[in-house]
Each structure stands twice: as C-alpha cells, then as structure tokens.
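Worksheet for the structure shown next.
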Amino acid sequence: MQVELRKIDMREALHYLGWRGTPVDEATLVQIRSQIDTAKAGVQPRLTYKRFAMDGDFRAAGTTFCAQGEDVRRMLGGCGEVVLMAATLGAASEQLLLRTQARSAGDALILDAVLSAAIESILDEQEQSMRRELAGQGLYLTDRYSPGYGDMPLWQTREICTVLGADRAIGLTVARSGIMIPRKSVTCVMGISKTPVARRPAGCAACPARATCPMARPGDN
Ligand code: SF4
C-alpha cells in the first residue's frame, strides 16, 4: 500500500550524518531543511506487512521464515504472533539521489541521510499505529528488529521479502549481493504478545550525549 511521508526528523537526519549532539551551524540546518523538502516532494513510500501465528521455533506459521539470532529471539520470546514488514521509498528515491549526485556531492550526502531518516519515519508511524490498534485488543507489540542488526543475519531480508511478495506488493527486490533495490528500503520483524513486553529505551533516553545535546527530546526519559 502507498503511505504518506508526514515528517522527516531533523535529529534523525543529523544522526545519519554522524552527528552526536554538538551544536550545528545554521547554514547546515538550512541545507538539511532544503533536502527534507526535496525528499518529501520526491519520494513515493510504500509498505506491506503480514501477521502470522508463531511457533516455539520462532517460525511464522505456513512460511519459510524462522527468525535467526539470539537478540531477535529474545525480543520475540513469549510472543504468540509475529509481524513481517517491508517498506521502501520507491524508485523515485533512487532517481532523486542520482540527480542530486550529478549536481552536488554535498547535497547528495545530506539527501542520503535525509532519505534514511524518512524510511525510519514511515516505519515509526506504522509501528505506532499498530501499537495503538493492538492495545485496543489487549495485545502488546514489541520493538522492531531488522536483519543485519545485532546477530540477525542479513540474508533474512530476502526471506522476509519473499514471504511478503514484496516485489509485486511494493516494488522491492533483493539483489544477489543482498542489497535491497530501491536501496532506501527496510525489512523488519515485530512480535505480538498477550502480556506486556520489555521495550528498548526510546531515542534520547539511552544516549550518552543527552545531558548536553541541544536537540535532546524532553519526552524521552
Ligand atoms: S540526546 Fe537525542 S538528539 Fe541528542 S544526540 Fe542523543 S539521541 Fe540524538
């Protein structure tokens, strides 16, 4: 399905540029804001997901997908269902990057970071919406976990895309090298539990720069 890109968080874009909470000059902020506007106008985000019963071997029922890695299994522990999800900014994001690269390497670097923040924003919104909906049913959603994080193997990206039929559903394929095409795409898993789940601390709460960072989110405690 097509989804709306409502916002791109400046902090997230800065993080993808390697920033860790030190002051940022106004000229850089202006440049980032400009690329945020470019990204908002130029991408075509799409997302697909499916919800499955999950057995004790962390397998999504009726599929080939079986979550691998201690970290993701710890997150899914106690869950009776698993959600597989994939999202992409679409082929337009590739074209946007190529056009910007041809014009300015500096702008392209910033746009790349902005697009990474954009795809995370799409997933954040979807996760929050699902969390609210499940709460109404007395169910709890875990955090997201993506292949390539921690000890979850990157090759599970392909499995998730295959199970979701991501090629036909949202135009997302995985190259032989394992790279997703379009590159600004993400796959992830989440668990659904009948009992409350432990969550990772949100954004700024766990950040060592929190005390001095001018952009720390007051709500992240
Ligand atoms: S405190 Fe928050 S905004 Fe600042 S660097 Fe840390 S995570 Fe980023």
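The values are calculated or read from the model by the stated rules, or taken from the named source; none is laboratory data. Bear in mind that the values here come from a model prediction, so they are computed numbers and not experimental data. Cβ: placed from backbone, ideal geometry, glycine included. Neighbour counts: every protein chain shown.
Quick look at the numbers
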read-out: Candidates ARG46, ARG20 - the one that is among the basic types (Lys, Arg) and modelled with pLDDT of 95 or more; value: ARG46
read-out: ALA198 vs. criteria more than 16 Å from the ligand (Cβ to nearest atom) and not in a strand (DSSP E or B); value: yes
read-out: Leading residue by the ranking (nearest to GLN2 (Cα to Cα)) among those in the stretch 95-127 that are acidic (Asp, Glu) and within 17 Å of the chain's Cα centre (by Cα); value: GLU125
read-out: Number of the exception - ALA53 against (1) over 24 Å from ARG200 (Cα atoms); (2) touching a strand residue (DSSP E or B) at 6+ places or on another chain (Cβ under 9 Å); value: (1)
read-out: Count - residues of the stretch 84-122 that are more than 14 Å from GLN31 (Cβ to Cβ) and surrounded by fewer than 22 Cβ atoms within 10 Å (Cβ to Cβ); value: 13
read-out: Criterion: among the small types (Gly, Ala, Ser) and closer than 30 Å to LEU97 by Cα - qualifying residue of ALA169, ALA135; value: ALA169
read-out: Subset of the stretch 201-213 (residues that are part of a loop (DSSP other than H, G, I, E, B) and near the ligand (Cβ under 8 Å from one of its atoms)); value: CYS207, PRO208, ALA209, ARG210, CYS213
read-out: Helices (runs of 4 or more DSSP H) contained entirely in the stretch 1-108, each with at least 3 residues that are within 16 Å of the ligand (Cβ to nearest atom) and either farther than 30 Å from GLU159 by Cα or not basic (Lys, Arg) (or both); value: 10-16, 26-42
read-out: Tally, over the stretch 128-150, of residues that are within 17 Å of the chain's Cα centre (by Cα), assigned to a loop (DSSP other than H, G, I, E, B) and on the phi < 0 side of the Ramachandran plot; value: 6
